[in-house]
Amino acid sequence: MIYEAMKRVKTIILVCLLLTMTTCDLLDITPNDTVDLEDFYAVPSEAEAALIGAYIQTYTVFTDQLFFNNRSSDDLTAPLDGRQSDPLMFRPSLNLGSGEPIGLWNNSYSALASINLLLERVPQINPNLFAAPTQSGVASRQQQILGEASFLRAYLYYHLVMFFGDVPLVIEFPKSSDPQDNLVSRTATSDVMRQVMEDLTFAETVIPWNHDGRAVLREEQIIQSKGRATKAAAKLLMARIHLYNEDWQLAIDKCREIIASGEYRLETRWTRIFNSPENSGNQNTSESILEIQNRRGSDQFNNTGGYSWFHQDGSPRRGATQEAYDLFEGTVTSPRDVRKVFSMFQRLEEPTQIYALKYRNAFPWWDPQDPFNFIPMRLTECYLIIAEALNELGYPNSEALTNINLIRARARDLNFIDGPVPGIEPYSFAQFDTQEKFRAAIREERRREMMFEGQRWFDLLRYDKYDGTTVAQTVVGLTSPEKTLFPIPASERVLNPNLTQNPGY
């Protein structure tokens, strides 16, 4: 796949070059049907075009990451058409020919090839050709481009490790299309994650908190700041990694830096975070740190294919598990938590079926073609991470309790479109008189808040790691840790005999 990726990079760059020409007067070259990579990275506008291409590739991969994570968890059921063949939900059926791991692997390494080429070539462009920074005290645009690309590389490798375990760490663009010159072995997870943290450390240093001034059109300014990597995005991914590694204080520190920046604030109404009819599609909110932009315009990042996982022909395709539904307070006739009402639906005449509706504007009574963003990072997670880490450092902790109650308070919405939702009561330590009980409450609140947002499976793996439970194996019906990881695609092992296979395949 490493050498196959070379074939795609020219096409991606050419497409993005054409897109950039429609919105940027700085580009004064005339493209033909090919791009010579040896001559391409000559001016800043070409670097910007390549960066857009890297975003497009990475955010297409993200759609798979999001739904693979959901489908592997205990929140989502099999397709509603009755098929029981989803290998991510029934892990014993995963095999070397399963399409999901193959697609994720191929698309990830194709994107990584583009990113590595950008990271090699952009430093060779004369720095004096780049426009001055639009904000005082920030890095040059040349450094920002390198920082954004470094974030994308870190983002991809983090997810590859979480899904596959050890993976080949490739941080250079292939110098040859000969397969024999690209037989890279799998790299230990610890070494891959070391590179991830190096990329994120560089990214958080040079990327600004926002991209004010990047947009050509005023109305597109918010898209630039929410659709691109920022300092906060780098810090939040670092916080997730610190949380997984039980580096509690480091996770707290990164999240506090994001909150203290003043760039983000919690939305007062939970539904406004997402695209619902009552706010006329108001996304890219003050709470959003990173959103995968789904725009009709040809020059925008597009989360292509995302709807098909949850909806098909305008109808819901996935159900929520009974366990996930019961986690929220309230009943079908007397709902109390707006997160439940917005994210799931159970009909009285069909009590055995619960529909997963969080990405709900794909329904025909709204506009099924209306753009809908997916949100991999938002400020709420910072408060959840801080609460969890503080509880691990010492019980009881009043700030941890305050953070959880801040999130619970937003479950109230008296103006919800389907009728008022009165909300749920705050917690007190009288209810949770031990650290273990409060830990369970924090985990449940995180699950309620982030349900269907592509976090649950990784959370289950993390919980297994440090408290010795077997919940991740139980969820997918496994009797051992085998098949919690994806198989290394058989086609890749044919091309590269140096690749070993994960246990169970």
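Every number here is computed from the coordinates shown, using simple stated rules; none is lab data. Computed from a predicted structure; not experimentally measured. Neighbour counts run over all protein chains shown; Cβ positions are idealised from the backbone, glycine included.
Tabulated values for the structure
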item	result
25 Å Cα-Cα threshold exceeded, pairs from 231/465; 340/437; 340/465	231/465; 340/465
Residues 96, 112, 146, sorted so that the one with the fewest Cβ neighbours within 10 Å comes first	96, 146, 112
Cβ-based exposure ranking for 175, 254, in which fewest neighbours within 10 Å come first	175, 254
Cα-based reach from residue 175 at 18 Å (exclusive), listing lysines while leaving out same-chain residues under 8 positions away	7, 10
Whole-Å distance, taken between Cα centres, linking the stretch 92-127 and the stretch 434-504	22 Å
